[in-house]
1. So what is the diffusion coefficient of the range 1-98 in µm² per second by Stokes-Einstein at 10 °C and 1.306 mPa s, using a Kirkwood Rh over Cα pairs?
2. Out of the total accessible area of the range 26-174 (probe 1.4 Å, heavy atoms of protein only), what percent is carbon and sulfur?
3. With the full set of protein chains in place, find how many percent of the accessible area of the range 195-288 is carbon and sulfur; take the probe as 1.4 Å.
4. Within the range 105-133, list the residues whose amide N lies under 14 Å from a label point set 7 Å along Cα→Cβ of V171.
5. Determine how large the accessible area of L161 is when every protein chain is in place; take a 1.4 Å probe and give Å² rounded to the nearest 10.
6. How much FRET efficiency would the formula 1/(1 + (r/R0)^6) give for A31 and Q304, where r is the Cβ-Cβ distance and R0 is 51 Å, rounded to 0.05?
7. Take S344, S136, S2 and sort them by solvent-accessible surface of the protein heavy atoms, 1.4 Å probe, largest at the top.
8. How large is the accessible surface of K20 in square angstrom, using a 1.4 angstrom probe and rounding to the nearest 10?
Amino acid sequence: MSRTYTDAVANRLEDFLSSKSEEVAQITSSAAEIVNSIQDLTRGGKRLRPLFAYWGFLGAGGHPEDENIVHLGVALELFQGAALIHDDIIDNSDTRRGKPSVHKRFEAQHSSLGLAGDAAQYGVASAILTGDLCLSLSEEVFADIDCLTPGTRAIFNKMRLQVMAGQYLDVLEESAGSAYDPAEAVKRARTIVRYKSAKYSTENPFLLGGALANANDELLESYSAFALPLGEAFQLRDDVLGVFGDPSVTGKPAGDDLREGKRTELIAHALALTVPEDREFIQTRLGANSLSDMEVAKMSKILQESGALSETESSISDLTKQSLAALARIDVAPLPLAGMHYLSDAVTKRSK
């Protein structure tokens, strides 16, 4: 059933974006590239956010062939696409899923067409507009859902607000650097994880699916108790992979998060646990434009030897246990419950 649903989401997404590409091309063929880049970005992937919505929908009594849950899946994929495009600009990431990030794609287009001006600036400007379009298209698809309940709309609106606030907190944290008290770094990092990623990756999709099927408050609360710690574990695993992951699997260079200067919970633990000399090295070199491969290796070693990696793995384990305990208390039919167990494994037992 999961595969049938994700295929339906993929097909609907492809058809929708193809129609938008044709619509934009009627303005000018040159502008079709902004839709084409969204289309390429949103192809493939695990469709985890739509799947959370799907099993939340079925758990609340929704019909598996209801077209509305497919629309919701498409809206979530487009929302994620917008978040990824803007996040890569903010983090100055060159790659996404083993391919050039959208702003780098437009930068390459500038060079290939022999356009005037600065290629990097053109790439960023074009990607910002593409991300804005992707966000707008997400709202368009969501608004087309039949019998959209007020509760579903409220959750969707809150999800967007939370992500923007969480993203800003992330930017603020990276810019503050050593100006912030390292003793509070873990708490700040967890807040960013919760609002920038966990809520929109797992909790809100789950709640959206449930609300779309008119789930009662008790069921929605049990969904949150399961999905929020799972989403936090998901992001912490992503943070570990951003430093220690295999580039051939993750699609990003080794230590990429260190080059981008991400002040993750992994970094926060290191600031609290390491010796002053190593703390100073992290504070001054994390995210530096001139950060060398040797310095990346040194910082990675500090994260391991200080116990920061171990602390983060412990947090992942604790959050996973908390999520599984909450899952055992969810009162739904056996089939959606099995789907929720599948998602739990997919999120926590991964290498990319």
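1. Values: Rh = 14.5 Å.
Answer, rounded: 109 µm²/s.
2. Numbers: 3690 of 6510 Å².
Carbon and sulfur atoms account for 57 percent of the accessible area of the range 26-174.
3. Numbers: 1530 of 3130 Å².
C and S atoms contribute 49 percent here.
4. 125, 128-129, 132
5. Solvent-accessible area, nearest 10 Å²: 120 Å².
6. On the way: r = 48 Å, r/R0 = 0.94.
After rounding to 0.05, the efficiency reads 0.60.
7. Working: S344 0, S136 65, S2 30 Å².
From most exposed to least exposed: S136, S2, S344.
8. Using a 1.4 Å probe on the heavy atoms, I get roughly 30 Å².
The values are calculated or read from the model by the stated rules, or taken from the named source; none is laboratory data. The structure presented is a predicted model; accordingly, all values stated were derived computationally and were not measured. Here the Cβ is made from the backbone with ideal geometry for all residues, glycine too, and neighbour counts use every protein chain on show. Areas reflect the complete protein model, heavy atoms only, side chains present, ligands, DNA and RNA absent. Shrake-Rupley method; radii C 1.70, N 1.55, O 1.52, S 1.80 Å.
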